[in-house]
Amino acid sequence: MDFVVGGLAGVGAGFFSNPFDVVKTRMQLQGELRSKGQHAVHYKNIPHAMYTIVKHDGIAALQKGLVPALWFQLVVNGVRLGIYQQSDNFGLLRDEENNTKFINSLIVGSISGLCGAMLGSPLQLVKTQLMSYSSKKIAVGTQHAHPGMMYAIQKIYSNNGLTGLWRGAHGMMLRNSIGSASQIASFAVCKEWMDNNNMFQQSKYLSTFLASNIGALVKTVWLTPMDVIMTRLYNQAVDANGRGLLYTGLMDCARKITKSEGLLAFYKGMGPSYLRQAPHTVLLLVFWDMLKDLQKSIENKC
């Protein structure tokens, strides 16, 4: 049941944060392997990006990739929050005074995020390719022209086999491991500190709300460079053998970005990334707390 609760919390959060994910993906692909000033700037900032997308592709384009995004949230958060909660249930995360052990929380958060990413990587691959596809006038990165999730999965499998669907999975596992550890550990420690000191107790979920915002900020800072790399790896075109035409792997991608675009390119899309992470993390962790309370209530009645 812990895995279902975590997955449902992710789906609820994913619906509201998806438009910022679309903007983030486009901004991370903009100017790919081009020096500053040597490429068209279709997306200047978050409001301009949203306006441009709606103008050229329609308002529904802000929810591109929503179906694989929600399935991704169900799988990844179901696994990682489920593993984390099970670890807590078995007493692996707390000391004798029932306080969270930061290092234990960090390690379990990292492992659970890695496991979730391993299972959800094909959905992230498809989601990225769907989100990047746009009108020719504002196109950035490789354009894959998939009409939908199932078509994309079938096409990738047909061209490159099962391994093609897990292309870049090792990078996604590292990305999610870093993001999950930083998000969950910072959230757990901050929320516990506020609760123990009777801070922000006006509402049952106010400390959850504030701690999740801190978790979102920490996650964004640590995650964005790896997120840029993964967006590039997932969206690049591949040859008949499934090998990337632009990057051979994580290190090659990082090297080429540094050489062509500079170190600041690793923080492309950080604004929309945070605006995605903040509501997503808040909704995810508030929903998680609420659903856990509901689960306890049902179990007590039974």
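No value in this document is a laboratory result; all are computed from the given coordinates. If you're wondering where the values come from, they're calculated on a predicted model, not measured in any experiment. Cβ coordinates were reconstructed from backbone atoms using ideal geometry, including for glycine residues, and neighbour counts include every protein chain displayed.
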Averaged over all viewing directions, the convex hull of the alpha carbons in the range 219-302 casts a projected area in nm² of 8.4
At 222 nm, what value in deg cm²/dmol follows for the chain if DSSP H runs of at least 4 each add -39500 (n - 2.57) and the sum is divided by all its residues, to the nearest 500?
-25000 deg cm²/dmol
Could you list, bin by bin from short to long, the percent of Cα-Cα pairs of the range 96-178 in 10 Å steps?
17, 35, 26, 13, 7, 2, 0
Over the chain, what is the relative contact order in percent, taking alpha-carbon pairs closer than 8 angstrom and at least six residues apart?
26
Mind ranking 35-43, 217-225, 121-129 by how tightly packed they are, going by the mean number of other C-beta atoms within 10 angstrom, highest first?
121-129, 217-225, 35-43
Using every pair of alpha-carbon atoms in the range 67-219, split the distances into 10 Å bins beginning at 0 and state the percent of pairs per bin, rounded to integers.
11, 31, 28, 18, 10, 2, 0
Could you calculate, for the range 189-254, the ratio of the Cα radius of gyration to the Kirkwood radius, expressed as Rg to Rh?
1.35
Restricting to Cα pairs under 8 Å and 6 or more apart, the percent relative contact order of the range 126-258 works out to 26
Per q in 0.13, 0.15, 0.29 1/Å, what log10 I(q)/I(0) does a Debye calculation on the alpha-carbon atoms of the range 257-302 return?
-0.52, -0.58, -0.92
Just to confirm the filter: which GluC sites (Glu not before Pro) across the range 28-111 are DSSP coil and have at most 11 other Cβ within 10 angstrom of their Cβ?
Glu96, Glu97
Among Ser273, Ser132, Ser260, which one moves the most in a GNM of the chain with springs linking Cα atoms closer than 10 Å?
Ser260
Stokes-Einstein D for the chain at 4 °C, 1.567 mPa s, Kirkwood Rh over Cα pairs, in µm²/s?
65
Using the C-alpha atoms of the range 1-128, what convex hull volume per residue, in cubic angstrom, is computed?
143
What spacing in nm lies between the two simple spin-label points modelled at Phe200 and Val67, each 7 Å away from Cα in the Cβ direction?
3.8
Along the Cα→Cβ direction, 7 angstrom out, place labels at Ala240 and Glu97. What is the inter-label distance in nm?
6.7
